[in-house]
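Read through the structure below, which is laid out as structure tokens, and then see the notes.
The values are calculated or read from the model by the stated rules, or taken from the named source; none is laboratory data. What you see is a predicted model, and the numbers here were worked out from it, not measured in a lab. Note that we place each Cβ from the backbone using ideal geometry, even for glycine, and neighbour counts take in every protein chain shown.
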Amino acid sequence: MMESEMLGRSCFSLWLMLLISFACSAAAATSLRLDPEPAWRKAVDLAELTEIMDVWLDENSDFQRPGKKPIIRVVSPSMAASIQGISGSSHGRTRGLFEPETSTIYLIQPWDRKNAHDASVLLHELVHARQVSRYHYCPGAQEEAAYRLQDDWLRERGLQANVNWIAVVLEAGCSRRDFHPD
């Protein structure tokens, strides 16, 4: 075999080994990153999942837990539609609501506690329950923090929230129409 052919094969072999090594390490990193806290998926009921989400919020936000735990109900889409008038606007299909007057979180069917996106809706609404003690110029001002924390939680699992960030930021800006003279 000629020296140039041997050198070419050696370079090819080296590149192939590097590529395989990189692919394996990337796959390993992805698998580790996909679900760093599988305990949420093993929660036996909504109360346990809520506690897991509350602990995550304790560690990842400066919002304090409310003195009284919120009531959590899973409701039909038609029930949610009747409640939604109290919640203001939404971005896309509404999957959860928080009613501050009664401190009630409504999770809208279909909702599955073992589905990361559904579980993140609970986390989003728990953020709203923690925001009650803070003053906001308008209801939309609360949304950006809730969506950002929801997205952070999902990203830790290799996912992301399906959110129209432009709409969220605009709503959080509390336009003139959001202020009332009384």
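Scan region 143-166 and report the pairs whose first residue is closer than 13 Å to His124 by Cβ and free of Cβ contacts under 8 Å to residues at least 40 places away in the same chain and whose second residue is in a helix (DSSP H, G or I) and of a type in the set (S, T, N, Q), with Cβ atoms within less than 7 Å and a gap of 6+ or a chain change.
Filtered contacts from region 143-166: Gln150/Ser120; Leu154/Ser120.
Looking at the structure I just gave you, is Asp62 without any contact (Cβ under 8 Å) to a residue 60 or more places away in the chain, in a loop (DSSP other than H, G, I, E, B) and surrounded by fewer than 17 Cβ atoms within 10 Å (Cβ to Cβ)?
When the stated conditions are applied, Asp62 passes them.
Under 7 Å between Cβ atoms, at least 6 apart or on separate chains: pull out the pairs that start in region 38-52 with a residue that is farther than 19 Å from Gly158 by Cα and end on any residue that is β-branched (Val, Ile, Thr) and part of a helix (DSSP H, G or I).
Taking only residues 6 or more apart or on different chains, the pairs are Ala43/Ile52.
Within region 53-75, is even one residue modelled with pLDDT under 55 and closer than 26 Å to Leu126 by Cα?
no
Taking only pairs six or more apart or across chains, which ones have beta-carbon atoms under 7 Å, a first residue in region 88-102 that is closer than 17 Å to Val163 by Cβ, and a second residue that is among the β-branched types (Val, Ile, Thr) and at pLDDT 95 or above?
If the second residue must be among the β-branched types (Val, Ile, Thr) and at pLDDT 95 or above, the pairs left are Thr94/Ile108; Arg95/Ile108; Arg95/Val121; Gly96/Ile105; Gly96/Ile108; Gly96/Val121; Phe98/Ile105.
Against the definition (surrounded by fewer than 15 Cβ atoms within 10 Å (Cβ to Cβ), of a type in the set (A, V, I, L, M), in a helix (DSSP H, G or I) and modelled with pLDDT of 90 or more), how does Ala23 come out, yes or no?
Against the criterion (surrounded by fewer than 15 Cβ atoms within 10 Å (Cβ to Cβ), of a type in the set (A, V, I, L, M), in a helix (DSSP H, G or I) and modelled with pLDDT of 90 or more), Ala23 does not qualify.
Tally time: how many residues in region 131-182 are part of a helix (DSSP H, G or I) and modelled with pLDDT under 80?
So the count comes out to 8.
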